[in-house]
Each structure stands twice: as C-alpha cells, then as structure tokens.
Amino acid sequence: MIKANNPALKSWVEIPRNSDFTIQNLPFGIFKTQHRSPAAGVAIGNDILNLAYLHEHGYLEGLDLPAGIFHQPYLNEFFALGRSKIREVRERISELLQHDNNNLKENQTDRASALIAMRDVQMLLPVRIPNYTDFYSSEEHATNVGSMFRDPKNALLPNWKHLPVAYHGRASSIVVSGTDLHRPKGQIKPADSELPVYSPSRKLDFELEMAFITCGETKLGQPIHVHEAEEYIAGFVLFNDWSARDIQQWEYVPLGPFLGKNFGSTISPWVVTLDALEPFRVQGPEQYPHVLPYLSIEGARNFDIVLEVAMKAANTEEAIVCRSNFKYMYWNINQQLAHHTVNGCNIQVGDLYASGTISGPSPGSFGSLLELTWNGQKTLHLPDGSERTFILDGDTITMRGHALKDGVRIGFGECTGKILPALK
Ligand code: MN
C-alpha cells in the first residue's frame, strides 16, 4: 500500500471541491514566476508547492537527493533517479501536507515562500523530450478509421491484434498546454482536383490521447520485459495529437504520418504519477487471438480515467464534444513498452509514449473530429449556433481527465490550445 494514496488523508491546504489536485494526487511539474527561474513543483488544490524551496530548507532531508535537483528547467534529472525515489519524494510531500503535520504548516515564513498560487505562475514543459512515439492502441478508433478509408468489413489490418502499431513522432514540436498553434500549410489533394495544391489545411483535427513519460533508460540492444515495463514509467499527461487530415491523407502512403502530425502536439503540464493511479487499475479488454509470449501479461493493466474534449469558438461558451475513457485501450502500457524495445531499441529518460486516439464504443465517445463528424459528413453544433466539421481559426480545444473512486479524485488539469490563422 502506498501511504500517500490513503483515501482518508486530509490536507491543511484548502482544496476546492472537485479539485483535480487532491492530497492523494501530488503530480510533478515545472513552473516559473515573474521573479523566479524555473523549478519543480507539486500541485495541491489551487496552489503549487515549490520543491526547490523545500529541498533547500531541509524539508526533504534524509531522502538523499542531489543538490539542485529541483532547481532545473526540466524534471529529467529527478525522474532519472527512478520510481522508488519518485515515490519517496511523493510520500514526503504527502506527510508535509497532511492536516496534523505542523512542520511546514506552522512555519509562516517557509509556508508563505513554498506555497505559490497557481494563478501567479506559468507552467512549462515538465520534461525535455528526447523521443516521442505515438501508438494506435484503441480498437474502436482503428476500426472507425479503417471503416472510413478502407473497408468496414475488414477495418482492422491483419497485424493489428498481434502487435501494438505505432510510428515515431516528432519531439521538437511538442508544446505545453496554453500554447497557441498556427494552422499548418502543406500539400493537399482536393477530391475534385487531379493534382495536389499548396494550401492551409482544411481538415484540422484533434486527437484525444494520454501519454506516459519514462523515468529510466536502457542500453541499445536491451529489451524491456513486459513485466518490468512499469518500473520505467514515471506517470501520465494528457496529450492532444493535432492532425491535419487532408495533409495526412495525401502523404501517408507508404511510410505513415509526417507533416500532417508534426506541426504541433500539446501536453498537460502535470505528470500524474503511476503511483497515484494505482487505485484506479482495471482489466483491459480481452485480447483474442492470444498475443505472443513476449506481450503476454495478466492483471489489471488499464486505468479508469474519465476523459473529455471541449471545443470553444471565440467569445462563446465551450461545448463538450467527446466523453471517453482511458480504460478502453486494447493494448496496455506494459505491452507498448515491451513491443517498442523487443528489437533492442533503447529508451531514454523523458521519452513520451502516446496512446493513440482514445475512442470508446458509442459515437459520443469518439476521440477525434474525423470520427465524430465521420470525415465531415456530419456536423457538430456549437453554443453560438455555428457548425463544425473540422477546427476553424480561433477555436480552442481543451482536454480534461480525472479518475474518481472512494471519494478520491485524481485529475490531470487541462491540455488546451487555440488555433490561429495560418502564417502568410
Ligand atoms: Mn495520434
């Protein structure tokens, strides 16, 4: 039992009802203020606990942490200490925040310095991301896309239930929530045109995904066993894999996604630890045909995390256009990492492994506009009376997610971004 996960814990920090950041969560992120350089923090209620300050003032004593480990622009060096050290730090933070612990609570100076209102900080990318991979692990999503573009009777390709399909994405264009992106331009081939044209994308889409971040590295040639995979995973963020469907459709054969995907991807700023998600484990879908032994793993390997996507036109209310759940994934994170490394591919600290679009069984749970509007054949209605098939300039897409059980809520905060007009 991880002590910090105890549902009975209460904090002396005021935590609003339905807050994503309860005392049982304690996710890690990187923040900066007007006067302070980037540092690591933990979210609690509407505040951030400054880990660099706590470390420098003796509150993390006995944990054997390197000097300056939290006074950094990224969490990579902290994560590189491994899962057990991440757990020790989270347990200590939990103790310091418990209502009957007076160490920080009763020290007015340290309390005022260590606890910073979220509204006064800017969140940055939590990790420097050396590598990014995007899986394709939702059976419903793969089936929808296969039905639309190939054949509804053979929607899944023959390999799909034998291995977790993925492609290598672009790490340099991953941005933190709140970063606006310009509509991408490129080659598209309109249906009524014999030749491709150069144009801003006319089919700009989001993809609702989650991504795990690694806290270990392997040597080239060394595979990760399916049962060891979780030791290499620090936690999760929300992930919007923005996609230009028209660019993608023209370019993707035979080598897969390229410019339709790499113009930008957005992540939420808080890394929710795998430890915090322990109570929310559930069985994944039954896998048949049986997988090869190197992918075989029993137990509750999925996570019950409620997900939603909101779409908002400029100057209006948002509309929830999708409600899904991370538990629908056919392939789990253990299988993804085992498959990724089975050939000897090495992993690095801070790597990002995205799930692929998370679609559920019902139309309201489809995780992309491509599926929600069935490639533009249906329209979505927004509160201002306007209609959408794909994203228009000025639209904001916001993803949210949380797990809820025994009165404990573990949330991810927001993964949001606005689309600006294409640059001239
Ligand atoms: Mn994707």
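The values are calculated or read from the model by the stated rules, or taken from the named source; none is laboratory data. Every value quoted in this text rests on a predicted model; they were computed, and no experiment measured them. Glycine gets a Cβ as well: all are built from the backbone with ideal geometry, and neighbour counts include every protein chain shown. For accessibility, only protein heavy atoms count, side chains too; no ligands or nucleic acids. Shrake-Rupley method; radii C 1.70, N 1.55, O 1.52, S 1.80 Å.
Observations, loosely collected:
- When its C-alpha radius of gyration is set against 2.2 N^0.38 Å (N residues), segment 102-155 gives a value of 2.41.
- Where a label projected 7 Å from the Cα of Thr179 along Cα→Cβ would reach, residues of segment 129-149 with amide N under 11 Å: 129
- Packing rank of 45-51, 216-222, where each peptide gets the mean count of other beta carbons within 10 Å, highest leading: 45-51, 216-222
- Remark: relative contact order (the chain) = 21 percent; criterion is Cα-Cα distance under 8 angstrom and separation of 6 or more residues.
- Mean residue ellipticity, 222 nm, helices only, the chain: the sum of -39500 (n - 2.57) across DSSP H runs of n ≥ 4, divided by residue count and rounded to 500, is -4000 deg cm²/dmol.
- Here's the list of lysines a cross-link from Lys378 could span, going by alpha-carbon distance under 24 Å and ignoring same-chain residues fewer than 8 apart: Lys153, Lys189, Lys203, Lys261, Lys312, Lys418.
- Structure remark: mean-square fluctuation, Gaussian network model of the chain, C-alpha springs under 10 Å; the largest value among Gln122, Gln34, Gln283 belongs to Gln34.
- Each of Asn154 and Ser172 was given a label point 7 Å from its Cα along the Cα-to-Cβ line. The distance between the two points is 3.9 nm.
- Relative contact order %, segment 27-154, counting alpha carbon pairs below 8 Å whose residues are six or more apart: 30
- By average C-beta atoms within 10 angstrom, highest first, the peptides 407-418, 71-82, 370-381: 407-418, 71-82, 370-381
- Label sites at Gln249 and Asn18, each approximated as a point 7 angstrom past Cα along Cα to Cβ, lie 3.8 nm apart.
- Surface share of carbon and sulfur [accessible, 1.4 angstrom probe, percent] for the chain: 51
- Along each principal axis, Cα extent of the chain, largest first, Å: 72, 53, 38
- Diffusion coefficient of segment 14-91 by Stokes-Einstein, Kirkwood radius over Cα pairs, 20 °C, 1.002 mPa s: 164 µm²/s.
- On Cα atoms only, tilt of 83-97 relative to the major axis of the chain in degrees: 60
- Contact order relative to length of segment 333-424, as percent, for alpha carbon pairs under 8 angstrom and 6 or more apart: 15
- Heavy-atom accessible area per residue - segment 3-124, 1.4 Å, Å²: 47
- Solvent exposure of segment 132-420 amounts to 41 Å² per residue of accessible area, where only protein heavy atoms count and the probe is 1.4 Å.
- With a simple spin-label model that places each label point 7 Å from the Cα along the Cα-to-Cβ direction, the separation between Val197 and Leu163 comes to 3.9 nm.
- Each part reduced to its alpha carbon centroid, segment 356-424 and segment 1-65 end up 29 Å apart.
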